[in-house]
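J.: Quick one: the structure is below, and I'll ask about it shortly.
The values are calculated or read from the model by the stated rules, or taken from the named source; none is laboratory data. The structure presented is a predicted model; accordingly, all values stated were derived computationally and were not measured. Positions of Cβ are generated from backbone atoms using ideal geometry, with glycine treated the same way; all protein chains shown enter the neighbour counts. The accessibility values were calculated without ligands, DNA or RNA, using every heavy atom of the protein model including side chains. Shrake-Rupley method; radii C 1.70, N 1.55, O 1.52, S 1.80 Å.
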Amino acid sequence: MNTMTLLLRKLGALDGTQIVRLSDASGVPYNTILNIRNGVTANPRIGTVDALLAGLKKVRPPREHRISD
């Protein structure tokens with residue numbers, strides 16, 4: 001599975017509150033996260049992807065919704 005596919009799957013498992021927390025943890029604006037999640041931004045910058053992946057380690061979905069790394 002490539003990095004972008006993994007990121008999209010993880011973003012899809014988050015609820016609104018978790019996206020707010022991810023925005024705070026990663027420094028990526030909330031609307032940017034939504035645009036990536038919803039496919040509006042299909043090719044985000046590598047720095048954005050790296051920041052989101054690092055932020056996701058701090059903001060984990062509930063155990064039953066986790067997608068393995």
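J.: Quick check on my filter: what residues within the stretch 14-30 are polar (S, T, N, Q) and surrounded by 16 or more Cβ atoms within 10 Å (Cβ to Cβ)?
T.: 18, 23, 26
J.: OK, next. If you scan the stretch 26-59, which residues turn out to be part of a loop (DSSP other than H, G, I, E, B), more than 16 Å from residue 9 (Cβ to Cβ), touching a residue at least 24 places away in the same chain (Cβ under 8 Å) and among the hydrophobic types (A, V, I, L, M, F, W, C)?
T.: 28
J.: Can I ask one more? Kindly indicate which of 67, 36 is hydrophobic (A, V, I, L, M, F, W, C) and modelled with pLDDT of 95 or more.
T.: Testing whether each residue is hydrophobic (A, V, I, L, M, F, W, C) and modelled with pLDDT of 95 or more leaves just 36.
J.: Checking residue 11 against (1) closer than 15 Å to residue 59 by Cβ; (2) open to solvent by 30 Å² or more (accessible area, probe 1.4 Å); (3) in contact (Cβ under 8 Å) with a residue 24 or more places away in the chain, only one condition comes out false. Which one?
T.: (2)
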